[in-house]
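The values are calculated or read from the model by the stated rules, or taken from the named source; none is laboratory data. Everything numeric here is computed off the predicted structure, so don't read it as measured data. For neighbour counting, all protein chains shown are included, and Cβ atoms are generated from backbone atoms with ideal geometry for every residue, glycine included.
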Amino acid sequence: MKKALLLFFALLLTTSIVNAQDEQPKNLVKVNPLGALLSVYNLTYERQIGETASSVLLSGEYLNWSTLGITGTSVGIEYRFHFSKNRTSPAGMYLSPVLSVGSLTETSSDNSVAFTRIGAVFGHQWIYDSGFVLDLYGGYGSYSFDESSFDEGTSISATGPILGIALGYAF
């Protein structure tokens, strides 16, 4: 009886492992290697929330841009709509609205600026069997800067491209 019970649990465990390996990973952690060239370090967490959707949390750290003397942080969110045929999120092509907020501070003074970015990105994400993730994306965004050191809290707006490459791991 003990052998039969042990064999049953071993079979159950083996079946669970095989089924788990067939499923697409639902969690991704990524970094943008190009940002390091500009002393901007981005960390991204993505979670599949449906067959064709995923949510993304973004964080950024601006570490002492030596020529500008600026440091700062940012956080953001995305909701990705995946629309590749024969694939489920988070792999394949996607379209996503982006919202992020942050703050930059001049290290030689107490001047700071708060910013908001609203935009949209279009991209393609590959998830390999090894768990390696490659995400290429581009889009366009609107930026709003509120600087408390400006006369009477002046606000500046700008628009520009959003481009990126992210490398990471899916689990």
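Here are some notes:
- Count - residues of segment 119-134 that are in contact (Cβ under 8 Å) with a residue 40 or more places away in the chain and not in a strand (DSSP E or B): 1
- Only one of Phe132, Phe145, Phe115, Phe150 that is among the hydrophobic types (A, V, I, L, M, F, W, C) and at pLDDT 95 or above: Phe132
- Residue in segment 8-29 that is exposed (fewer than 10 other Cβ atoms within 10 Å of the Cβ) and modelled with pLDDT of 70 or more present: yes
- Per-region count, segment 86-111, residues in contact (Cβ under 8 Å) with a residue 60 or more places away in the chain and among the basic types (Lys, Arg): 0
- Across segment 48-98, the qualifying residues are those that are more than 16 Å from Tyr137 (Cα to Cα) and among the basic types (Lys, Arg), and the one among them that is surrounded by the most Cβ atoms within 10 Å (Cβ to Cβ) is Arg87.
- Test: Val113 is under 22 Å from Leu167 (Cβ atoms) and part of a strand (DSSP E or B): no
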